[in-house]
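Everything on this sheet refers to the single structure shown next.
A short reminder: the numbers here are calculations on the coordinates, not readings from a lab. Note that the structure is predicted; figures quoted are calculated from it, not measured. Neighbour counts run over all protein chains shown; Cβ positions are idealised from the backbone, glycine included.
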Ligand code: ACM
């Protein structure tokens, strides 16, 4: 089948080369628009072309994962190129126009997530120490190809990549977004689309905010009313929803196949109205409140001095930890304004013990630094630098999510149709133009594990609305997490981002057309 179409496709590619391509073809690899910006690019001035003869070779004898990564690449390239690239793992010598995926373990500079692309006019070779590096290298290949490669129908091409070498690895090991599925529920298909967006920009963490005052969003078999009752609604009174444990596990697997770790969050002792409404015994006084569909914070608290609360937390953490291969369990801990400080400290200390007893390390919002932190606890800095510094003084590391720069739910400006503005207006330049290592005096490189941009969902109820807030800020957060600060500048970034306008358009991403960027888009 493939060979019967080969000649025709080759002729078509030649005829179409240079005349029908929507994305201008360059032979200068230095003129790439890759986000996040690679660490080093050396241009050679020639071109590599994918043709109907091209295949994706993986080194023989490597782990099975290599064939899966190659299959992922084939699935990305085949719908738009129509070239029918196949995965070849039998050790046959790659030919002209082939892609080769290789593992090596002796390139220390690349670390666990870095990769090297060597592009000649004959062959495109991706090498990495670990499969995650190959996966990130593949995202670079996607971005080096014309934007039309993202289409789901066959496009004319040609599929040209300039020759040269890219060597690339991330600044931080933790590069993530958070999705709030509690204020409004977003189902498995939405979460998977979010994961795909993260993968394209080499992010490696999705933090899922699974519970809040307005809804409990994950099945807990030992406390079934959490979802039978506590998942029934959401902000504004809509019907809510939740993930079954099977659905959650499927999301974890989907993310892992894209080298993305899921961090589950159960927010406590505040932000717990949905749980309190589901089980009266979790309330001081034993009376369950009504479900809540507004957007106030700080009014709910678990009864921190009752043993049933700790039985509840233990069951919840045990069940979720068993479904979660990642290292971390996020305990929330923010805005517990209805919990006395001594009760809050007592609670966080006990909950840390529970989390570690189930084999996970603790992450919490910066308020948890009031407690006595476990040595490997992570403080997620969002509001108060004094809290983050208190965490550091206890030996904790910090995850940087400053609400005035990294909150993806903030409006871009006063005209934004979704979002809040209590922290700041965060236009695309502001979202991009900060450096985690220097933002807060006293928090420096050695204290920081990485960057996370939270997306709170009070004002958004569909994934298209979510995309309006996520894009185009997400690529900027990805670049802050990946690219060394010395290589980052807004003036240069905004031009690369402009070219992603067309790519986002082809991917049907509902992005905010910031007036600060001269978007390359076509009429809609
Ligand atoms: C938060 O925004 N309450 C962590």
- [ ] Compute the acute angle (0 to 90°) between the alpha-carbon long axis of helix 64-81 and the principal axis of greatest extent of the alpha-carbon atoms of the chain; round to the nearest 10°.
- [x] 70 degrees
- [ ] Measure nothing but the geometry: give the 0 to 90° angle between the long axis through the Cα atoms of 131-144 and the longest principal axis through the Cα atoms of the chain, rounded to 10°.
- [x] 60 degrees
Task: log10 of Debye I(q)/I(0), alpha-carbon scatterers only, for the range 195-254 at 0.25 Å⁻¹ - done: -1.00
Open item on the list: For the range 134-273, I need the span (max minus min coordinate) of the C-alpha atoms along each principal axis, in Å, sorted largest to smallest.
Closed with: 58, 34, 25
Open item on the list: Only counting other Cβ atoms within 10 Å, I'd like 299, 471, 463, 186 sorted with the fewest neighbours first.
Closed with: 299, 463, 471, 186
- [ ] Give the Cα extents of the range 150-231 along the principal axes, in whole Å, largest first.
- [x] 59, 35, 21
Open item on the list: I'm a student and want to see the number: the projected area of the Cα convex hull of the range 145-192, averaged over all directions, in nm².
Closed with: 6.5 nm²
Task: Point-to-point label distance, residue 96-residue 464, nm (Cα→Cβ direction, 7 Å offset) - done: 4.7 nm
Task: Ranked by how many other beta carbons lie within 10 Å on average, peptides 282-293, 93-104 from highest - done: 93-104, 282-293
Task: Radius of gyration and Dmax over the Cα atoms of the range 252-317, both given in Å - done: 14.9, 46
Open item on the list: Contact order normalised by length for the chain, with contacts defined as Cα pairs under 8 Å and 6 or more residues apart; what percent is it?
Closed with: 13 percent
Open item on the list: What's the ranking of 222-231, 169-178 by average number of surrounding C-beta atoms within 10 Å, highest first?
Closed with: 169-178, 222-231
Open item on the list: Counting only Cα atoms, I'd like the Rg/Rh figure for the chain, Kirkwood definition for Rh.
Closed with: 1.00
- [ ] Only residues of the range 367-392 count here: report those whose backbone N is under 14 Å from the spot 7 Å along Cα→Cβ of residue 349, or say none.
- [x] 369-374
- [ ] Please give the contour-minus-distance gain from residue 228 to residue 75: 0.36 nm per residue of separation, less the Cα-Cα distance, rounded to one decimal in nm.
- [x] 51.2 nm
- [ ] Give the Rg/Rh ratio for the range 211-291, taking Rg as the radius of gyration of the Cα atoms and Rh as the Kirkwood radius, to two decimals.
- [x] 1.03
Task: √(5λ) per eigenvalue of the Cα gyration tensor, the range 217-351, largest first, Å - done: 24, 18, 14
- [ ] Provide the FRET efficiency to the nearest 0.05 for the residue 257-residue 444 pair, computing r from the beta carbons and using R0 = 30 Å.
- [x] 0.30
Task: Angle between the chain longest axis and helix 473-482 axis [Cα atoms, degrees, rounded to 10] - done: 80 degrees
TODO: Please figure out what share of the DSSP beta bridges in the chain is antiparallel and state it in percent, rounded to the nearest 5.
DONE: 30 percent
Open item on the list: Can you compute the modelled spin-label distance between residue 109 and residue 287, with each label point 7 Å from Cα toward Cβ, in nm?
Closed with: 6.8 nm
Open item on the list: Quick check: residue separation of residue 122 and residue 508 times 0.36 nm, minus the Cα distance between them. What number comes out in nm?
Closed with: 135.6 nm
Open item on the list: Given bins 10 angstrom wide, list per bin the percent of all Cα-Cα distances in the range 401-470, short to long.
Closed with: 21, 48, 23, 8
- [ ] Please report the Cα spread of the range 267-425 along all three principal axes, rounded to whole Å, starting with the longest.
- [x] 47, 40, 32
Task: Dimensions in Å of the range 72-194 - Rg and Dmax from alpha carbons - done: 16.7, 54
Task: For the range 351-439, Kirkwood radius (reciprocal of mean inverse C-alpha pair distance, Å) - done: 14.3 Å
Task: Compactness relative to 2.2 N^0.38 Å, alpha carbon Rg of the range 27-86 - done: 1.37
Task: Estimated D of the range 422-524 in µm² per second, where Rh is the Kirkwood radius over Cα pairs and Stokes-Einstein applies at 25 °C, 0.890 mPa s - done: 164 µm²/s
